[in-house]
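Student: Pasting a structure below so you can have a look.
The values are calculated or read from the model by the stated rules, or taken from the named source; none is laboratory data. This is a predicted model, so every value here is computed, not measured. A quick note on method: Cβ atoms are made from the backbone with ideal geometry, for glycine too, and the neighbour counts reach across all protein chains shown. The area values use the complete protein model at the heavy-atom level, side chains included, leaving out ligands, DNA and RNA. Shrake-Rupley method; radii C 1.70, N 1.55, O 1.52, S 1.80 Å.
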Amino acid sequence: MSVNRRQFIRNAAIAGAGSTVGMVAVRAGEDAIQPSPDAMGVLTDLTQCIGCRKCEWACNQEPSNDFRENKPMSAFEDQSVFQTHRRHSSDSLTVVNRFEGSDGKPVYVKSQCMHCVDPACLSACLVTAFKKEANGAVSYDSWRCMGCRYCLVACPFQVPSYEYLDPLTPRVRKCTLCFRERTSRGSVPACVEICPVQCMTYGKRSDLIRMARARIANYPDRYISHIYGEHEMGGTSWMYLSGEPFENLGFQTLPDEAPPRLVEGIQHSIFRYFISPILLFGLLSATMWNFKDAGSGGTSHE
Amino acid sequence: MSEHLKAAPVDRKIFTPGVIILLILMANGLFFGLKRFLFGLGAVTNLDNYYPWGIWITIDVASGVALAAGGFTTAALVEIFHREHYHALLRPALLTAMLGYTFVALGVLIDLGRFYNIWHPIVPSMWSGHSALFEVGMCVMAYVTVLYVEFIPVVTERFRNRVNWPGLLSRFNAFTEWVLKILDNTFVRVMFLFTITGVVLSCMHQSSLGTLMVLTPTKMNSLWWTPVLPLLFLLSAFSVGYPMVIVESMIASSSFKRKPEMELLSPLARIIPFLLGIYFAAKVIDWVDRSQLGRLFNGSTASNMCLVEFGLGVVLPLVMLLIPGIRRSPAGLFSAALLIVLGVVFNRINVFLTAFQPPYAEKVYFPSIGEISVTLGMVAALIFIYRLLVTLFPIIPTHVQKEKSHVPA
């Protein structure tokens, strides 16, 4: 009996160690998700933006974005907002910030949801409230949403915001790529359309990358050789060209790997076909059976 | 041999000065809770777009789940490894887990922006197998159910053959007896299935709680961010289970003016250094493997928090519990167990808040009065209901016959 039990414990220990090693071995994660050939995107050329904030106004007027309040154009003409660094909030899905370039001239940076190729918000969401549309837009369905805000925690670009002051129907707010009323019907996002200097181009992501590379090659003095968003966090639909190093313009330096691959690698290797839970259930059942005489042995009561 | 310890309802008054304080804390928490439902999360909490999770998630949910680990670890010890001399500790541990998880669910409910959608994860068209939070949510829902089923024998034992409804309800006496009999004859016979399921579900979601933050490598301090967070969460849940049982048993003994059950708790404490030792080793190996030891001693606030968490919550109690004299002394055992419990709570706070460094944030999150009030109110309510239930049901072990028990120490 005791020999058998010792044997059993040893086997159980080996099994336990094996699954632990298995868990550690998932570090490499899963293969990266590639953007679909039809994926669209936007290329923003920061060397052209004049900081007029028309895009902020157009975004606020756009029906796709379901703003609770549509503000007049005059609300977006105040240039003093550039004195502080602004971020997206529940009532502004895109903002323009001003930075000082190395030549002393201002550089304006529009920011909004990057519409990741492999979005962390979508991977985080437990009720599939986020969806990666065929054109690359990451859309959000408030009807499914529970309001757990794991998407806000997960987003590496710190984009989504929440309507904390709404007691009943708070929504996660982020740029929609004007999916519902515009890009799903083949037209361009409202901000891209209104831009007076056309610093943004909406098009196929693969074409945009080719275009960006050509601009960098043709004007090496004007651009730094980096397309922000081509690889960051697994790649994004929204990409940037700049004449200044991106880290001087409020952009984070981010790795190429998309975190969802690591997490989903862990989840899938543990839970694929429920292998680990079933193994554990079997192991515990065997233990329960194997030890069933132990309690009535000499060491305990009755 | 006669049975030396038997669970019985505790014969103590319910209302004591301590209970009055609990009721005040509950009323205060309820006030802020109502305010949150009437005016929104923003009216009560300091949460913002950078720090979307505060102490309701960190303490009420993440720490609550960890501290309820006494339930599955004790169930595994008694029912699966058949260490039946610890049977007297099982019911209090299961009750704590049942109440703990109930309050975890309440904590989630108050924190959810659209709380009325809390059932959405069970709808197949919304299933999201890639989300660690989905796995946590499903497991917690299933495990709460298992815990309530595991409580059924306590209810049937208390009322079977003595159902006595007052007044007009007395006509239901026979029916109630019949229901209790059915429960006894069905659930109680297949209880082993629920016990094993409970342990499996616990292992699954205790680890997946750690997976949650693996998704944010760029937003977390690398002292805590590691791809093996799920393993660390599981190992720390294993190692906090018995300390929690010990702390709770000793507080209950002192509160009900009894002697602590040292003849059970001291031998139980012998298991802890193994479990805590594995967690200790995993933490150190992870730091060495990711070359973080230098950062651990660089003097920053985060590294100091980490050292306190690890030094006082893991290393010190590990050393203490290796000393037989400390395991046998009530004060020593209680201190060591409490250090482990607080260490795990501190770890969860550190992982979800201290380590969380969202870009562009202008200020660091600190909980508001309202958040603290709700958390305190929930803890008070949990203790109050625990006290109520142990006076009504046979849960706490009582010395039926004064006799030295024969447990290997």
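Student: Of the residues A:Lys110, A:Lys131, A:Lys105, which single one is under 24 Å from B:Pro359 (Cβ atoms) and among the basic types (Lys, Arg)?
Tutor: Going through A:Lys110, A:Lys131, A:Lys105 in turn, the sole match is A:Lys110.
Student: Just to check your reading of the model, which residue among B:Leu183, B:Leu193, B:Leu201 is part of a helix (DSSP H, G or I), more than 23 Å from B:Met305 (Cβ to Cβ), more than 10 Å from chain A (Cβ to nearest Cβ) and open to solvent by 10 Å² or more (accessible area, probe 1.4 Å)?
Tutor: B:Leu183
Student: Please verify whether A:Thr176 is within 8 Å of chain B (Cβ to nearest Cβ) and open to solvent by 20 Å² or more (accessible area, probe 1.4 Å), treating the condition exactly as stated.
Tutor: The answer is no for A:Thr176.
Student: Scan the stretch A:137-152 residue by residue and report those that are more than 12 Å from the chain's Cα centre (by Cα) and open to solvent by less than 20 Å² (accessible area, probe 1.4 Å).
Tutor: Across the stretch A:137-152, the qualifying residues are A:Cys145, A:Met146, A:Gly147, A:Arg149.
Student: Within the stretch A:48-94, how many residues turn out to be β-branched (Val, Ile, Thr), assigned to a loop (DSSP other than H, G, I, E, B) and surrounded by fewer than 18 Cβ atoms within 10 Å (Cβ to Cβ)?
Tutor: 2
Student: Would you say A:Val117 is touching a helix residue (DSSP H, G or I) at 6+ places or on another chain (Cβ under 9 Å), open to solvent by less than 10 Å² (accessible area, probe 1.4 Å) and of a type in the set (Val, Ile, Thr)?
Tutor: No, not satisfied.
Student: Of a type outside the set (Val, Ile, Thr), within 11 Å of chain A (Cβ to nearest Cβ), in contact with a helix residue (DSSP H, G or I) (Cβ under 7 Å, 6 or more places away or on another chain) and touching a residue at least 12 places away in the same chain (Cβ under 8 Å): is that true of B:Phe151 in this structure?
Tutor: Against the criterion (of a type outside the set (Val, Ile, Thr), within 11 Å of chain A (Cβ to nearest Cβ), in contact with a helix residue (DSSP H, G or I) (Cβ under 7 Å, 6 or more places away or on another chain) and touching a residue at least 12 places away in the same chain (Cβ under 8 Å)), B:Phe151 does not qualify.
Student: Okay, moving on. Collect the residues in the stretch B:111-148 that are of a type in the set (Val, Ile, Thr), crowded, with 21+ Cβ neighbours inside 10 Å and more than 9 Å from chain A (Cβ to nearest Cβ), keeping them in residue-number order.
Tutor: If the condition is that a residue be of a type in the set (Val, Ile, Thr), crowded, with 21+ Cβ neighbours inside 10 Å and more than 9 Å from chain A (Cβ to nearest Cβ), then B:Val140, B:Val146 are the ones that fit.
Student: For the stretch B:315-340, give me each residue that is open to solvent by less than 10 Å² (accessible area, probe 1.4 Å) and aliphatic (A, V, I, L, M).
Tutor: Across the stretch B:315-340, the qualifying residues are B:Leu321, B:Leu333, B:Ala336, B:Ala337, B:Ile340.
Student: Can I ask one more? Need the failing condition index for B:Ser207 against (1) open to solvent by 40 Å² or more (accessible area, probe 1.4 Å); (2) within 14 Å of chain A (Cβ to nearest Cβ), just the number.
Tutor: (1) is the only condition that B:Ser207 fails.
Student: Quick one: would you say A:Glu230 is touching a strand residue (DSSP E or B) at 6+ places or on another chain (Cβ under 9 Å) and either open to solvent by 10 Å² or more (accessible area, probe 1.4 Å) or within 12 Å of chain B (Cβ to nearest Cβ) (or both)?
Tutor: yes
Student: Another question, then. Being away from chain B (no Cβ under 14 Å) and without any contact (Cβ under 8 Å) to a residue 24 or more places away in the chain is the filter here, so list the residues in the stretch A:82-95 that pass it.
Tutor: A:Gln83
Student: Quick one: in the stretch A:273-292, which of the residues that are more than 8 Å from chain B (Cβ to nearest Cβ) and more than 23 Å from B:Ser208 (Cβ to Cβ) is surrounded by the fewest Cβ atoms within 10 Å (Cβ to Cβ)?
Tutor: Filtering first and then ranking leaves A:Trp289.
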